[in-house]
Amino acid sequence: MSDIKEEVEALLAIFPEFEEIDSKNFQISFEVPPADDGDNYSIQLHLTLGPSYPSKPPQFKIVPLSRVSDQQVQKAIHTLNELASECADMPMLYMLVQGTQDWLENLKEGEENEKNEEEQKKKYAEDEKVRLEEEAAKGTPVTVESFNAWKAKFDLEMAKVKQAVVTESKMTGKMYFDQRELLGGVAIITEPEIDGGGDAVDWELFSNELDEDLDEDIGEDDDE
């Protein structure tokens, strides 16, 4: 029995789907069920032995049947070419068949892992959105550190406001007489203008008392 015939018989025993078309042509179909309810991942491998096999690798072709794209088939062909190079001058039908099956299973697992990662990212984004909305509704919790920071900022702003009020309330002598003229002889002196504090002074009262004293003095002179 030739080495090729023994190799083919071994493949028929290991892979029930392996078919011998003739002494030089073989094919086998692979199906891998997915985790979802969709179609199986399915391809078909065709092998053709040349007269110099195994010195020269067989020709092979992969036909996509379900859930496998042409671009993915090209990647599978590249994988088989690498396997053939590693098995140069050796019987390699089993390695090519097993390598094709492994590639299809890896394709299915890779796509499912990618899908799961996308779903996890989407769920995380949705959960994060809900969390932020809940925090915004509750408001930011006050801690000792955040309160102290706010108090320091508030005290600084109030100090600036107080300084601005004091500065604006200080009057020069000219400003005092200008104000008195505008108010009809009444000048209001506020607390910052008098050292030691005190109530506002209405100078009109003093003007009225002075006029009364002058009238009395004039009356006494007339009597004399």
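The values are calculated or read from the model by the stated rules, or taken from the named source; none is laboratory data. Not measured: the values here are computed from a predicted model. Counting neighbours? That spans all protein chains shown, and the Cβs are built from the backbone with ideal geometry, glycine included. Keep in mind that these areas ignore ligands, DNA and RNA; they rest on the heavy atoms of the full protein, side chains included. Shrake-Rupley method; radii C 1.70, N 1.55, O 1.52, S 1.80 Å.
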Q) If 41, 94 are ordered by their accessible area, calculated over protein heavy atoms with a 1.4 Å probe, which sequence runs from highest to lowest? A) 94, 41
Q. How would 150, 103 line up by accessible area, probe 1.4 Å, largest first?
A. 150, 103
Q: Please list 50-56, 107-113 highest first by mean number of surrounding beta-carbon atoms within 10 Å per residue.
A: 107-113, 50-56
Q: Rank these by accessible area, largest first, 1.4 Å probe: 100, 48.
A: 48, 100
**Q.** Interatomic Cα distance distribution for segment 99-162, bins of 5 angstrom, percent
**A.** 3, 13, 9, 9, 10, 8, 8, 7, 7, 6, 5, 5, 4, 3, 2, 1, 0
Q) So which of 24/61; 108/129; 129/151; 24/108 end up more than 20 Å apart, counting from Cα to Cα? A) 108/129; 129/151; 24/108
Q: Could I get the Rg over Rh figure for segment 10-166? Both from C-alpha atoms, Rh via Kirkwood, rounded to two places.
A: 1.53
Q | Whole-percent pair-distance distribution, where bins are 5 Å wide, for the alpha carbons of segment 46-102 | A | 4, 19, 31, 24, 12, 7, 2, 0
Q) How big is the accessible area of residue 49 in square angstrom, nearest 10, if you roll a 1.4 angstrom probe over the protein chains? A) 10
